[in-house]
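The values are calculated or read from the model by the stated rules, or taken from the named source; none is laboratory data. All values derive from a computational prediction rather than experimental measurement. Cβ coordinates were reconstructed from backbone atoms using ideal geometry, including for glycine residues, and neighbour counts include every protein chain displayed. Side chains included, ligands, DNA and RNA excluded: accessible areas come from the protein's heavy atoms. Shrake-Rupley method; radii C 1.70, N 1.55, O 1.52, S 1.80 Å.
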Amino acid sequence: VKIAIINSTITPNMTFTKTSHKFGQWADSRANTVYGLGFSSEHHLAKFADKFSEYKEAARMAKEKSLEKMELASSPSQESPADIHSPLTPPVTADFCRINGTGDDVTLSDVSPNSMLQSDLSPTTPTLAHSPTTNKHWEAELATLKSNNAKLTAALLESTANVKQWKQQLAAYQEEAERLHKRVSELESQSSQTNVIKSQKTELNQTIEELECTLKAKEEEMVRLKEEVENAKQLQTQKDELTKKLEETDLRNKEFEEQLADLEQRLESSQVDQENLRKNLKTLLEILDGKIFELTELRDNLAKLIEDS
């Protein structure tokens, strides 16, 4: 674990921005760097923001007292060219760092300013089969799609919030770029201190290029988010199709159940008819046996009569 020490002087013109629930950043014009801090919870972020505001207010009061003492001691002096990098307009760069940790100990790690949104979209096109097992399969598939759709919707909502924040940052970057362009024009119009002006112009141009790169990256991220929205729409369409197929399968199963009940009723009626027929045949057999027995006796009597005569 690496312990990171951030050497940044807090001035009255600094602003601590909460870019998310657990991440915030501020610009240090003297170090020409944008610092970012990541926290383990929103409570730690709020605590750090309160402390930042407290020290910022203390710095403002100290600056006011210092200015009052200077006004009492002597008249105000003209601003020299070396005061061009004032804390009022802190330059912004695209070099971001993120700090993860809790309490007073933090760990430093390099991260990209662009967040990646990944969603697991795996459309399926299964075939229909009319059986209870197939119904269970479609129900499980539909439940999985609903779960994935809910996760994707939450991720898209979070991404939409980030896009709004990025748009605000992009507008601020564009305003800063315009201000830097104007500043470059003013520096070029000055005749004295040519070497200093050229050096400052180079730094401003680099800052503008970095801001343009950041703007391009944000635009690419917006395009990627639009593609994710299109994929979500396709997933919703597939879910609707599966729901329709499942309903059709349920209707067919109900028809099969009705036909099966009708067949069972017919089978039961046929069994009853067969049982009645069996009983009638048995009765006929008993009667036939009696008649055969009587005919046998009659034949025997006739034979005795013939022998006697």
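Below are the figures for this structure:
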quantity	calculated
The listed residue being under 30 Å from Leu145 (Cβ atoms) and either in contact (Cβ under 8 Å) with a residue 12 or more places away in the chain or surrounded by fewer than 10 Cβ atoms within 10 Å (Cβ to Cβ) (or both), out of Glu241, Glu255, Glu307, Glu248	Glu248
Filter result for the condition that a residue is surrounded by 14 or more Cβ atoms within 10 Å (Cβ to Cβ), part of a helix (DSSP H, G or I) and touching a residue at least 12 places away in the same chain (Cβ under 8 Å), over Ala59, Ala27	Ala59
Criterion violated by Met222 - all others in (1) open to solvent by less than 70 Å² (accessible area, probe 1.4 Å); (2) more than 23 Å from the chain's Cα centre (by Cα) satisfied	(2)
Selection from the range 1-52 of residues that are of a type in the set (Asp, Glu) and over 30 Å from the mean Cα position of the chain (by Cα)	Asp28, Asp50
Selection count, the range 1-22, where residues are at pLDDT 85 or above, open to solvent by less than 70 Å² (accessible area, probe 1.4 Å) and under 20 Å from Glu210 (Cβ atoms)	3
Number of the condition not met by His44 [criteria: (1) closer than 24 Å to Thr214 by Cβ; (2) touching a residue at least 12 places away in the same chain (Cβ under 8 Å); (3) buried (at least 16 other Cβ atoms within 10 Å of the Cβ)]	(1)
Out of Gln200, Gln236, sole residue that is in a helix (DSSP H, G or I), modelled with pLDDT under 90 and surrounded by 10 or more Cβ atoms within 10 Å (Cβ to Cβ)	Gln200
Residue match in the range 259-267 (condition: surrounded by fewer than 11 Cβ atoms within 10 Å (Cβ to Cβ), assigned to a helix (DSSP H, G or I) and either small (Gly, Ala, Ser) or touching a helix residue (DSSP H, G or I) at 6+ places or on another chain (Cβ under 6 Å) (or both))	yes
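Rundown of residues vs (1) of a type in the set (Phe, Trp, Tyr); (2) on the phi > 0 side of the Ramachandran plot; (3) at pLDDT 90 or above, yes/no style:
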position	(1), (2), (3)
Lys244	no, no, yes
Ile287	no, no, yes
Phe293	yes, no, yes
Asp308	no, no, no
